[in-house]
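None of the figures in this text is laboratory data; all of them are computed from the coordinates on show. Everything numeric in this text was worked out from a predicted model, so none of it was measured. Methodologically, a virtual Cβ is constructed for each residue, glycine included, from the backbone with ideal geometry; neighbour enumeration extends over all protein chains shown.
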Amino acid sequence: MLMNNYDVIIIGAGPGGIFSAYELVNLRPDLKVAVFEAGKPLEERKCPIDGDKVKSCINCPSCAIMRGFGGAGAFSDGKYNITNDFGGTLYEHIGKEKALELMKYVDGINLANGGEGTKLYSTAGSSFKKICLENKLHLLDASVRHLGTDKNYQVLGNIFNVLKDKADFYFNSPVGDLKVLEDGTFEVECEGKSFTCKKCIVSVGRSGSKWIEKVCNELDIETYSNRVDIGVRVELPAVVFSDLTSELYESKIVYRTEKFEDKVRTFCMNPNGYVVNENTNGIVTVNGHSFDAPELQSENTNFALLVAKHFSEPFKDSNGYGESIARLSNMLGGGVIVQRFGDLMRGRRSNMSRIEESSVRPTLKATPGDLSLVLPKRILDGIIEMIYALDKIAPGTANDDTLLYGVEVKFYNMEVAINDRLETRYPGLFVIGDGSGVTHSLSHASASGVFVAREIAEE
Ligand SMILES: Cc1cc2nc3c(=O)[nH]c(=O)nc-3n(C[C@H](O)[C@H](O)[C@H](O)COP(=O)(O)OP(=O)(O)OC[C@H]3O[C@@H](n4cnc5c(N)ncnc54)[C@H](O)[C@@H]3O)c2cc1C
């Protein structure tokens with residue numbers, strides 16, 4: 001049927017897919033573009049956890065936090081890090097200059113769509129670099145635009161309004177099969193219907209990791225095993241980190257442990273923020289975000305401390321390893337476990353009364369427990385070492401009442417074999433964003449979307 005034919009089909013409406021669509025409809029309004037999204041439209045996305053009737057994750061068939069218009073980024077803190085130092089390795093494909101240029105371009109679009117007035121923080125010239133180095137900590141270079149969860153949501157809503165009449169959006173529409181036809185075009189199967197397209201942009205993010213693995217197997221597209229980052233989310237009074245957060249907002253700090261020479265790093269810092277659950281393929285882990293509006297902010301700051309695990313042959317299933325550790329915490333705690341740092345150091349579990357007596361009020365309802373029963377010794381030792389190192393630049397980090405939530409797992413998709421156009425071995429089939437294993441952040445995923453849209457528009 002004619003109505004099912006498109007010039008371009010984009011699978012996934014996270015930042016990667018959204019920015020592909022945005023750029024495409026602007027550069028080539030003549031093209032017929034469709035976006036298929038497994039989750040709901042932005043305004044219908046709602047996590048059922050209300051802290052009252054529903055206290056913890058109930059494993060919805062389609063997680064409202066991870067899926068829907070805006071992707072995993074919709075309720076995120078909206079921190080767009082403009083840097084090649086972290087957030088992905090897009091620069092390996094398109095070059096550092098181009099990658100930075102596209103991240104800045106994305107920033108401009110966000111500002112033009114409701115993000116104006118938000119602050120751009122930068123590590124350039126910061127005195128914290130020296131203070132960190134004096135304490136064996138390494139502060140990575142970046143500029144970070146903090147939209148905040150509230151502004152980020154508004155920006156997404158505004159961008160959808162720009163797109164909705166220029167591209168066909170299919171929500172609640174998980175793509176099943178993706179086939180390459182004999183004439184080099186593509187067939188996309190969704191809920192029993194078939195759609196064809198000349199170009200296909202796959203941008204399915206982390207929640208689509210199993211799906212992309214299946215597609216790569218079926219189409220014989222090579223994938224490479226990747227890493228997994230495992231750790232905890234730290235929550236403490238905002239004042240402990242206020243010197244750092246008021247100057248830099250988010251500081252990416254790396255520490256090399258003395259015991260094992262492993263690298264531990266801070267990740268996703270949320271001043272005056274909230275700790276939240278994250279559900280990936282039915283496994284509940286922890287994450288965090290914060291609002292821009294002062295009246296919505298909490299009294300705490302949270303950030304993750306993560307240890308990267310790279311595996312060598314013959315082991316390939318790095319995500320499976322991370323999932324098993326997360327499952328263990330889910331088994332013991334029915335979800336995420338929370339423990340006071342003081343309890344961890346005294347070798348005892350936290351219980352409800354110890355948490356209630358703590359001076360840090362938790363922003364997430366999690367089960368008090370013992371993280372040493374969950375995390376491998378090497379990882380836990382690294383995290384403890386880093387907490388003491390951070391205590392030197394932000395005194396109070398190693399206080400007994402500091403809360404640790406576990407586990408935080410940063411899953412990375414298998415890296416898909418793509419060329420410098422982010423195209424697979426099938427001309428016209430592009431894989432971008434976190435689903436490609438190349439990006440791990442809002443800014444890199446969005447930049448990859450713009451890049452591919454321009455490649456297609458030029459043809
Ligand atoms: C709570 C939270 C906070 C975060 N905070 C930050 C932050 O502050 N800064 C930052 O840089 N990063 C942050 N991240 C990470 C960031 O959200 C991701 O890196 C980014 O969203 C990746 O974009 P993407 O488009 O590649 O994938 P995603 O955003 O994951 O979007 C992929 C979309 O594809 C859809 N999909 C999957 N499979 C299919 C299918 N078969 N058919 C149709 N649709 C499908 C999914 O439903 C999803 O909506 C956060 C993540 C979370 C969960």
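Observations, loosely collected:
- Tilt relative to the chain, helix 209-218 - C-alpha long axis, 0 to 90 degrees, to 10: 40 degrees
- Cross-link table Lys40/Lys164; Lys79/Lys151; Lys129/Lys252; Lys40/Lys214, entries beyond 20 Å C-alpha to C-alpha: Lys40/Lys214
- Nearest-ten-degree value, helix 15-27 long axis tilted from longest Cα axis of the chain: 40 degrees
- Ranked by the mean number of other Cβ atoms within 10 Å of their residues, highest first, the peptides 367-376, 211-220, 438-447 fall in the order 438-447, 367-376, 211-220.
- Global dimensions of the range 343-459 from alpha-carbon coordinates: Rg and Dmax equal 21.6, 64 Å.
- Of the residues Phe267, Gly433, Tyr6, the one whose Cα sits farthest towards the positive end of the charge dipole of the chain is Phe267 (charges of +1 on Lys and Arg Cβ, -1 on Asp and Glu Cβ, taken about the Cα centre).
- Of all DSSP beta bridges confined to the chain, the antiparallel ones make up roughly 75%.
- Ranked by how many other beta carbons lie within 10 Å on average, peptides 127-135, 6-14 from highest: 6-14, 127-135
- With respect to the chain, whose longest principal axis is taken over its alpha-carbon atoms, helix 442-458 is tilted by about 10°.
- Neighbour net charge for Gly88 - beta-carbon separation under 11 angstrom, K R +1, D E -1: -4
- Ordered by the number of other Cβ atoms lying within 10 Å of each residue's own Cβ, fewest first, Met103, Met414, Met345, Met352 fall into the sequence Met352, Met345, Met414, Met103.
- Of the residues Glu101, Glu37, Glu43, the one with the fewest other Cβ atoms within 10 Å heads the list, and the complete ranking is Glu43, Glu101, Glu37.
- Three-way shape label, the range 15-162, alpha-carbon gyration tensor, a/c 1.5: oblate
- Taking the square roots of 5 times each eigenvalue of the Cα gyration tensor of the range 239-389, largest first, gives ellipsoid semi-axes of 25, 20, 17 Å.
- In straight-distance terms, cross-link reach from Lys46 covers every one of the aspartates and glutamates whose alpha-carbon lies under 15 Å from its own, apart from those fewer than eight places away in the same chain; here that gives Asp150, Glu278.
- Rounded to the nearest 20 debye, the dipole size of the range 242-351 about its Cα centre is 580 debye, using +1 on the Cβ of Lys and Arg and -1 on the Cβ of Asp and Glu.
- Calculated SAXS-style log₁₀ I(q)/I(0) at q = 0.14, 0.17 Å⁻¹ - the range 1-97, Debye, Cα scatterers: -0.73, -0.94
- Cα-centred dipole magnitude for the range 368-459, charges only on beta-carbon of K, R (+1) and D, E (-1), debye, nearest 20: 160 debye
- Amide H contacts of Val35 (H built 1.01 Å from N, under 5 Å, at least 5 apart or other chain): Ile10, Asp168, Phe169, Tyr170
- Around the Cα centre of the range 73-226, unit charges on the Cβ atoms of Lys, Arg, Asp and Glu (plus for the first two, minus for the last two) sum to a dipole of about 720 debye.
- The range 345-364-the range 1-76 distance, computed between alpha-carbon centres (Å): 37 Å
- Square roots of 5 times each gyration tensor eigenvalue, C-alpha, the range 119-275, largest first, Å: 41, 23, 14
- Taken over the Cα atoms of the chain, the convex hull encloses 139 Å³ per residue.
- Most positive-pole-ward Cα, Val416, Leu403, Asn330, against dipole of the range 327-439 from beta carbon charges: Asn330
- Between the residues Thr89, Cys60, Ser122, the greatest Cα displacement towards the positive end of the dipole of the range 54-162, with unit charges on the Cβ of Lys, Arg, Asp and Glu, is found for Cys60.
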